[in-house]
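> Got a structure for you, written out below as structure tokens; questions coming shortly.
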Amino acid sequence: MTTIFRKAYFFLIGLFLALPLIVVAGVSVNAKQTLAFPPQGFSLSWYGEIFLNPEWRSALFASVTLALLSAAFAVAIALPLAWFLWRRIAPWANIFQLLGVAPFTLPPVITALGLLTFWATVGFYGQPWTAVVSHAIFFVTLPLVTLSLGFTSIDRSLVEAAATMGADERTIFRTIVLPLILPYIVSGYAFAFVLSLNEYIVAYMTVGFTMETLPIKIFNALRYGYTPTMASVTILFVTTAAVIFGLVARFGDLPKLLGAMSSDGK
Amino acid sequence: MRREPPQTLGDYAPLLFPAAMLTIFFVVPFGTMIAVSFFQRQQGGFYTPAFVFDNYARFLSAFFGGVLGFSLLLAITVAICCVVLALPFTYMLTRMGRKVQVVWLVALLSILSLSEVIIGFAWSTLFSRTAGITNILVALGIMSEAKALTPSFGAVLTGMVYQAFPYTVLVLFPALVRLDPTLTEAARTLGASPLKAFFTVVVPALRNTITATLIMVFIFALGSYLLPQLLGRPQHWTLSVLITDQAIYQSNMPFAAAMAVFLVLVTLGLVALTVIAGRKGEAA
């Protein structure tokens with residue numbers, strides 16, 4: 001009775017989550033440029049379109065470049081901060097932790113508008129690199145949270161042993177801290193990368209008039225009607241996210257990363 | 001090596017770069033936005049430094065009150081729907097095997113990371129006349145002919161619940177994992193059905209978590225800026241949509257900034273409530 005209820009409930013939730021994606025996947029293989037489901041005919045040409053059509057290709061290139069760079073920048077900000085907070089007792093430094101989490105907690109339109117007024121005021125509005133900085137600040141929360149979690153899991157006696165044996169700060173960081181923290185750096189980077197790839201409003205408000213990322217391209221295309229390439233891009237994005245998070249889960253401890261401390265329980 | 005207070009100025013060096021970046025690119029833009037909210041708007045999309053309350057005075061209109069009321073109501077509805085759906089789901093998920101958990105978590109994360117543009121597009125396809133869900137109902141003989149379900153309030157609500165559901169599960173997940181399993185076991189031993197045990201033991205034990213989650217999902221839903229545009233009519237526009245619209249299409253930065261400042265205040269007030277709810281939870 002309970003098992004049946006549970007299975008039915010999970011099935012319905014799964015259906016709710018999957019249904020839009022199933023329809024979009026179906027639409028993406030239509031032979032002609034029609035919005036039809038079930039698909040009429042079968043063609044993968046709309047997937048080819050992402051790479052062959054110069055507009056979609058340049059949007060894809062812009063999005064991937066932006067995501068790669070901004071995720072790296074976000075990690076570069078988060079790593080020293082998380083390390084400092086773990087290594088030192090400096091209560092007032094927690095304010096920076098708070099600042100790192102704030103952009104992600106507030107409604108995104110606020111961070112976006114703040115950055116828009118800022119770039120307009122300093123005169124760099126519309127420069128592609130401003131999007132990199134903006135995304136890095138917007139998503140710095142993700143590596144910051146995973147890294148803070150990573151540092152708390154380091155056994156301090158290991159570090160202490162190294163110090164007793166005469167290793168200096170630099171050696172300790174390179175030979176002990178860094179290898180232990182590496183999985184958390186990778187997952188923090190992965191989270192920031194995937195979210196940056198999908199981000200619309202901050203990118204739109206900072207560089208929307210000079211550069212098209214894929215989400216911006218989809219939105220602009222939506223306003224002028226429908227093209228099946230939107231559907232193929234959607235499926236490409238879902239698959240990318242699933243593969244990246246799947247890899248994080250495969251090589252890391254996903255339940256623990258998401259806050260479940262009793263990960264060794266099962 | 002124990003944690004120790006910084007001894008020399010050099011010990012602060014690692015903090016320098018993150019602190020500078022966060023200050024220059026978050027605190028300063030935030031301040032800029034607050035400043036602009038007091039600026040005087042000029043014709044043609046420009047604005048000049050001033051200290052006027054005109055932009056805030058516009059809040060007192062019936063139109064703005066309507067938008068604000070609708071935004072809050074919509075966000076509350078989304079939060080309630082999500083928590084009602086996600087609580088039993090997450091509870092059962094935490095009691096499943098690790099492998100099943102990981103598969104669901106990967107799926108939820110993938111959907112959570114999806115762009116609002118993509119979610120909006122996917123649901124507008126599902127609600128469309130030619131490729132939508134009504135075609136299935138027609139095939140089953142429930143409906144006589146396919147029709148479009150968007151734009152409508154139902155479509156906006158569905159899209160936003162879809163967007164916020166994975167977030168709700170991930171917020172509830174840590175609290176539910178840590179929930180003492182002996183609580184329900186005791187209830188079951190004493191003869192309660194699983195359903196009764198869930199409602200009389202699990203839900204009351206999580207009262208503060210539920211409150212905190214409701215507020216967090218509410219804030220999350222307040223931030224939705226594209227779904228009301230893509231799935232709804234202009235009367236379904238929220239404060240976030242209005243801010244974007246004023247900033248980009250009406251080129252009225254000071255008014256957009258004033259609305260954003262207002263939204264920050266609402267959000268911060270709610271975050272404070274969450275923290276208080278969390279404190280009570282620890283005390284209990």
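> Going through segment A:9-46 one residue at a time, which ones are at pLDDT below 90, within 11 Å of another protein chain (Cβ to nearest Cβ) and either closer than 26 Å to residue B:194 by Cα or surrounded by fewer than 12 Cβ atoms within 10 Å (Cβ to Cβ) (or both)?
none
> Out of B:125, B:134, report the one residue that is polar (S, T, N, Q), more than 7 Å from chain A (Cβ to nearest Cβ) and open to solvent by less than 10 Å² (accessible area, probe 1.4 Å). Don't jump to the end; show me each part of the working.
On the way: B:125 fails: more than 7 Å from chain A (Cβ to nearest Cβ).
On inspection, the qualifying residue turns out to be B:134.
> Here's another thing I want to ask about it. Can you find a residue in segment B:33-44 that is buried (at least 18 other Cβ atoms within 10 Å of the Cβ) and in contact with a Leu (Cβ under 8 Å, 6 or more places away or on another chain)?
Checking segment B:33-44: at least one residue is buried (at least 18 other Cβ atoms within 10 Å of the Cβ) and in contact with a Leu (Cβ under 8 Å, 6 or more places away or on another chain).
> OK, next. Show the residue pairs meeting these rules: Cβ distance below 8 Å; 6+ apart or different chains; first residue within segment A:156-177 and within 20 Å of residue A:80 (Cβ to Cβ) and of a type outside the set (A, V, I, L, M, F, W, C); second residue assigned to a helix (DSSP H, G or I) and open to solvent by less than 60 Å² (accessible area, probe 1.4 Å).
A:171/A:162; A:175/A:162
> May I ask you to verify whether residue A:251 is outside the structural domain of residue A:35 (by TED's automatic domain parsing), touching a residue at least 40 places away in the same chain (Cβ under 8 Å) and over 14 Å from the mean Cα position of the chain (by Cα)?
It is true that residue A:251 is outside the structural domain of residue A:35 (by TED's automatic domain parsing), touching a residue at least 40 places away in the same chain (Cβ under 8 Å) and over 14 Å from the mean Cα position of the chain (by Cα).
> Name, by its number, the condition in (1) hydrophobic (A, V, I, L, M, F, W, C); (2) in contact with a His (Cβ under 9 Å, 6 or more places away or on another chain); (3) more than 10 Å from chain B (Cβ to nearest Cβ) that does not hold for residue A:186.
(2)
> Which ones in segment B:191-227 are more than 10 Å from chain A (Cβ to nearest Cβ) and outside any helix (DSSP H, G or I)?
B:191, B:192, B:206
> Any residue in segment A:208-223 that's at the interface with chain B (Cβ under 10 Å from one of its Cβ atoms): show its pairings with residues that are surrounded by fewer than 23 Cβ atoms within 10 Å (Cβ to Cβ) and of a type in the set (Gly, Ala, Ser) at Cβ separation under 7 Å, as long as the two are six or more apart or on different chains.
These pairs meet every condition: A:209/A:126; A:213/A:62; A:216/A:208.
> Let me ask something else about it. Step by step: first the residues of segment B:67-105, then only those that are closer than 21 Å to residue B:176 by Cβ and among the polar types (S, T, N, Q), then the one that is nearest to the chain's Cα centre (by Cα). Which residue is that? Walk me through it before giving the result.
First, the residues of segment B:67-105 that are closer than 21 Å to residue B:176 by Cβ: B:78-105.
Within this subset, residues satisfying the condition of being among the polar types (S, T, N, Q) are B:90, B:94, B:101.
Values: B:90: 18, B:94: 23, B:101: 23 Å.
Filtering first and then ranking leaves B:90.
> Quick one: how many residues across segment A:209-223 are open to solvent by 10 Å² or more (accessible area, probe 1.4 Å) and either under 18 Å from the mean Cα position of the chain (by Cα) or more than 18 Å from residue B:120 (Cα to Cα) (or both)?
Of the residues in that region, 4 qualify.
> Turning to a different aspect of this structure: Find the residue count for segment B:78-103, including only residues that are more than 7 Å from chain A (Cβ to nearest Cβ), in contact (Cβ under 8 Å) with a residue 40 or more places away in the chain and open to solvent by less than 50 Å² (accessible area, probe 1.4 Å).
Matching residues across segment B:78-103 total 11.
Every residue, every condition in (1) of a type in the set (Phe, Trp, Tyr); (2) over 25 Å from residue A:241 (Cβ atoms), yes or no:
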{"position": "A:36", "(1), (2)": "no, yes"}
{"position": "A:54", "(1), (2)": "no, yes"}
{"position": "A:58", "(1), (2)": "no, no"}
{"position": "A:69", "(1), (2)": "no, no"}
{"position": "A:82", "(1), (2)": "no, no"}
{"position": "A:86", "(1), (2)": "yes, yes"}
{"position": "A:89", "(1), (2)": "no, yes"}
{"position": "A:106", "(1), (2)": "no, no"}
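> Of all residues in segment A:224-235 being part of a helix (DSSP H, G or I) and facing another protein chain (nearest Cβ under 10 Å), which is most open to solvent (accessible area, probe 1.4 Å)?
Per the criteria, the residue is A:235.
> Between A:166, A:150, which is modelled with pLDDT under 90 and open to solvent by less than 10 Å² (accessible area, probe 1.4 Å)?
Values: A:166 fails: open to solvent by less than 10 Å² (accessible area, probe 1.4 Å).
After applying the criteria, what remains is A:150.
> Of these, A:143, A:128, which one is open to solvent by 10 Å² or more (accessible area, probe 1.4 Å) and more than 9 Å from every other protein chain (Cβ to nearest Cβ)?
Matching residue, one of A:143, A:128: A:128.
> Okay, next question. Look through B:8, B:48 and report the one residue that is more than 10 Å from chain A (Cβ to nearest Cβ) and within 30 Å of residue A:164 (Cβ to Cβ).
B:8 is the lone residue from the list that is more than 10 Å from chain A (Cβ to nearest Cβ) and within 30 Å of residue A:164 (Cβ to Cβ).
> Further, regarding this structure: Out of all the residues in segment A:118-140, which are of a type in the set (Val, Ile, Thr) and at pLDDT below 90?
Once the filter is applied, which keeps residues that are of a type in the set (Val, Ile, Thr) and at pLDDT below 90, segment A:118-140 yields A:121, A:122.
> Oh, and also: Please specify each residue of segment B:182-208 satisfying the condition of being open to solvent by less than 30 Å² (accessible area, probe 1.4 Å) and either modelled with pLDDT under 80 or over 26 Å from residue A:4 (Cβ atoms) (or both).
B:184 - this is the single residue of segment B:182-208 that is open to solvent by less than 30 Å² (accessible area, probe 1.4 Å) and either modelled with pLDDT under 80 or over 26 Å from residue A:4 (Cβ atoms) (or both).
> Condition check: farther than 28 Å from residue B:40 by Cβ, surrounded by fewer than 24 Cβ atoms within 10 Å (Cβ to Cβ), among the polar types (S, T, N, Q) and modelled with pLDDT of 85 or more. Does residue B:211 satisfy that?
Numbers: farther than 28 Å from residue B:40 by Cβ: yes; surrounded by fewer than 24 Cβ atoms within 10 Å (Cβ to Cβ): yes; among the polar types (S, T, N, Q): yes; modelled with pLDDT of 85 or more: yes.
When the stated conditions are applied, residue B:211 passes them.
> What about residue B:115, is it of a type in the set (Gly, Ala, Ser) and out of contact with any Pro (no Cβ under 9 Å at 6 or more places or on another chain)? Reasoning before the result, please.
On the way: of a type in the set (Gly, Ala, Ser): yes; out of contact with any Pro (no Cβ under 9 Å at 6 or more places or on another chain): no.
No; evaluated as a whole, the condition is false for this residue.
> Being modelled with pLDDT of 90 or more, surrounded by 19 or more Cβ atoms within 10 Å (Cβ to Cβ), in a helix (DSSP H, G or I) and touching a helix residue (DSSP H, G or I) at 6+ places or on another chain (Cβ under 9 Å), is that true of even one residue in segment B:6-20?
Yes: segment B:6-20 contains one or more residues that are modelled with pLDDT of 90 or more, surrounded by 19 or more Cβ atoms within 10 Å (Cβ to Cβ), in a helix (DSSP H, G or I) and touching a helix residue (DSSP H, G or I) at 6+ places or on another chain (Cβ under 9 Å).
> Looking at segment A:85-111, which of the residues that are more than 7 Å from chain B (Cβ to nearest Cβ) and touching a residue at least 40 places away in the same chain (Cβ under 8 Å) is farthest from residue B:20 (Cα to Cα)?
This residue is A:86.
> Can you give me the ranges of the helices (runs of 4 or more DSSP H) entirely in segment A:99-214 with at least 3 residues that are of a type in the set (Phe, Trp, Tyr)?
A:128-139, A:178-198
The values are calculated or read from the model by the stated rules, or taken from the named source; none is laboratory data. On a predicted model such as this, the values are computed, not experimentally measured, just so you know. Quick reminder, even Gly has a Cβ in these numbers, built from the backbone with ideal geometry, and neighbours come from all protein chains shown. Accessible surface areas use protein heavy atoms only, side chains included; no ligands, DNA or RNA. Shrake-Rupley method; radii C 1.70, N 1.55, O 1.52, S 1.80 Å.
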